[in-house]
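Input: a single structure, listed below in structure tokens.
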Amino acid sequence: MNRRLDVHPLKSRVGDFIAGLKILENAPITPALVSQYVAQMQPSPQALAPFLLWNRDRYARNLIYRDDFFEVLALCWLPGQHTPIHSHNGQLGWVAVVQGELVCHNYRFVRSAMLKKMPVGDKDCIAAGRPVEVELLCSANCQADGTVAVVDRRQTTHQIENLENSSLGSISLHLYSKPIDSCVLFDEATRCCERKPLQYHSANGVILANTLTTRQTIETAA
């Protein structure tokens, strides 16, 4: 992707961003190609404003677009909010912080002594809920500087958290290929893994049922 799409400054960048993704679907989807595209075309917080809905109880997953190849979300993070340690099912992912700052902790699963003693057929802690340990590999600060982080098939277990205290909160743009409907979560209390379905806080700028917050400024929600 060697050129930018021609975007009028008064038009929403979100529509242009989605249009460009549809063009990419006609070619092999590679980490480098999509990473370059997201770096060039990521919408600003102002363009994303209709999708930026906050939840006072947990970070908010706001769906912007989804088809068979891509899923685009804007995640809104109040101070202290974080994901559990989780996997991405081996899918490709791209993350760009568009406001504030986030910290990403990368992990790997380590088989415990208990698992080593079990029969081979019983060692799937994900399916059986067996105890397992995680090892922290590294942590990285992600800022709104245009950088695009790539989650590939070799390293897909991580945790993201917002350590900032700013009342403006943090916003990140997430792109997955293909869409992810569930992931494996690591429960730090039980030391076990469990597959759980993923939920959206909103879709197309509309808060979905059974959510606790309403469209409002982050100062009101905080």
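One table, with the values for the structure above:
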item: Test: residue in the stretch 111-118 that is modelled with pLDDT under 90 and closer than 21 Å to residue 58 by Cβ; result: no
item: Residue that is farther than 19 Å from residue 167 by Cα, at pLDDT 95 or above and not hydroxyl-bearing (Ser, Thr, Tyr), where the choices are 33, 52, 63; result: 63
item: Of all residues making up the stretch 23-35, the number that are in contact (Cβ under 8 Å) with a residue 40 or more places away in the chain and out of contact with any helix residue (DSSP H, G or I) (no Cβ under 8 Å at 6 or more places or on another chain); result: 4
item: Yes/no for residue 7 being modelled with pLDDT under 95, β-branched (Val, Ile, Thr) and assigned to a loop (DSSP other than H, G, I, E, B); result: yes
item: Every residue from the stretch 157-176 that is modelled with pLDDT under 90 and buried (at least 20 other Cβ atoms within 10 Å of the Cβ); result: 157, 158
item: Tally, over the stretch 132-180, of residues that are polar (S, T, N, Q) and part of a strand (DSSP E or B); result: 7
item: Criterion: surrounded by fewer than 20 Cβ atoms within 10 Å (Cβ to Cβ) and closer than 28 Å to residue 30 by Cβ - qualifying residue of 51, 109; result: 109
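Okay, residues lined up against (1) polar (S, T, N, Q); (2) in a strand (DSSP E or B); (3) at negative phi; (4) surrounded by fewer than 16 Cβ atoms within 10 Å (Cβ to Cβ):
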| position | (1), (2), (3), (4) |
| --- | --- |
| 32 | no, no, yes, yes |
| 35 | yes, no, yes, no |
| 39 | no, no, yes, yes |
| 55 | yes, no, yes, no |
| 65 | no, yes, yes, no |
| 69 | no, no, yes, yes |
| 76 | no, yes, yes, no |
| 97 | no, yes, yes, no |
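The values are calculated or read from the model by the stated rules, or taken from the named source; none is laboratory data. Note that this is a predicted model, so its numbers are computed, not measured. Neighbour counts are summed over all protein chains in view; Cβ atoms, including those assigned to glycine, are modelled from backbone coordinates with ideal geometry.
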